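Here the structure comes first, spelled out in structure tokens, and everything after it is commentary.
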Amino acid sequence: MILPAALILRFPVIPTRRADFLHLQREFATDAALLARLPLAKLEFVFRGFNRRGQFVVFECFQDVAALDAIRGCPEIQELIRKLTTFCNAAPEIEYLGTADGGDSLFEKYPAGKSEPGVYPDLGDMTMQVR
């Protein structure tokens, strides 16, 4: 059985750098040539916006865990995350969501805590937190 998977990324954007952050993410999201190279065929849904705490939130839903793995492994995505964090005052948080009937295999694959080296882009002094 193939089960969908989702993730939520939360970037704590520095208020005075919000325009720079938005410019970079819009530039990425509108680059048709770049997007054509990414494995987006199994991306079902994406939402990007700010929450009440001023965090920029990205919510993505994929057809399956393999699709989530494919997008996470793209150098272009890792570079984008690294660049976006230069406009943040702390490391981004990532939260994985499994389906109600899917068990805990997704959480076992991506355990909570500090991100593992090599799994996420090098953020310098920051360590991405998995929730």
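Quick note: the coordinates plus some simple rules give every number you see, no bench work behind them. The model shown is predicted, which means the values in this text are computed figures rather than measured ones. All Cβ positions, even for glycine, are placed from backbone atoms using ideal geometry, and neighbour counts span all protein chains on display.
The table for this structure:
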| item | result |
| --- | --- |
| Unit charges at the beta carbon, dipole of segment 10-54: most positive-side option, Thr30, Phe47, Phe11 | Phe11 |
| Length added when fully stretched, Glu79-Leu34, from 0.36 nm per residue minus Cα-Cα | 15.0 nm |
| Packing rank of 63-75, 14-26, where each peptide gets the mean count of other beta carbons within 10 Å, highest leading | 63-75, 14-26 |
| Segment 6-28 and segment 64-99: distance between their alpha carbon centers, rounded to Å | 12 |
